[in-house]
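A.B. asks: Below you'll find the structure I mean.
The values are calculated or read from the model by the stated rules, or taken from the named source; none is laboratory data. All values derive from a computational prediction rather than experimental measurement. Here the Cβ positions follow ideal geometry from the backbone for every residue, glycine too, while neighbour counts run over all protein chains shown. All accessible areas refer to the heavy atoms of the entire protein, side chains included, with ligands and DNA or RNA removed. Shrake-Rupley method; radii C 1.70, N 1.55, O 1.52, S 1.80 Å.
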Amino acid sequence: MIKRRQGHIVAISSIQGKISIPFRSAYAASKHATQAFFDCLRAEMEQYEIEVTVISPGYIHTNLSVNAITADGSRYGGKLSASLLTWKRRVSLVFQCETVDPGKSWN
């Protein structure tokens, strides 16, 4: 890509790379790291005219919630608390804003 001075790198991350929720600290940390790595790579590749895109899907119901554990090691069980429902609404808003203008910061 560098030799040709063209290309496009696409990474699939998660909205948790931008907004974190309780009981997902390790997952959120890994997604924040993914986001930061590809943000840096985007800046480094700009001089070679290579695009870098991070796709951060919103909340997707998976067994991640069911298999999560709490601080004491007990199973979280996937219950959707009021705080998680609020988080899902925030994720929806951020995801919509990112889709409208991916280069703009919506913090």
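A.B. asks: Less than 10 Å Cβ to Cβ from Gln16, Lys/Arg counted +1 and Asp/Glu -1: what total charge do the surrounding residues give?
C.D. replies: Taking every Cβ under 10 Å from that of Gln16, the sum is +3.
A.B. asks: Here is a follow-up. Would you kindly state how much longer the chain becomes between Ile12 and Arg75 on full extension, computed as 0.36 nm times their sequence separation minus their alpha carbon distance, in nm to one decimal?
C.D. replies: Fully extending the segment from Ile12 to Arg75 adds 19.9 nm.
A.B. asks: Same structure, new question: List the residues, sorted by chain then number, that are 5 or more residues from Val54 or on another chain and whose placed amide H is less than 5 Å from its amide H.
C.D. replies: Ala11
A.B. asks: Provide Phe23, Phe38 ordered by accessible surface of protein heavy atoms (probe 1.4 Å), highest first.
C.D. replies: So, going from the largest accessible area down, we get Phe23, Phe38.
A.B. asks: Which shape class, rounded, prolate or oblate, goes with region 1-57 when its Cα gyration tensor gives a ≥ b ≥ c as root eigenvalues, a/c under 1.5 marks rounded, and past that a/b bigger than b/c marks prolate?
C.D. replies: Because a/c hits 1.5 or more and a/b exceeds b/c, region 1-57 counts as prolate.
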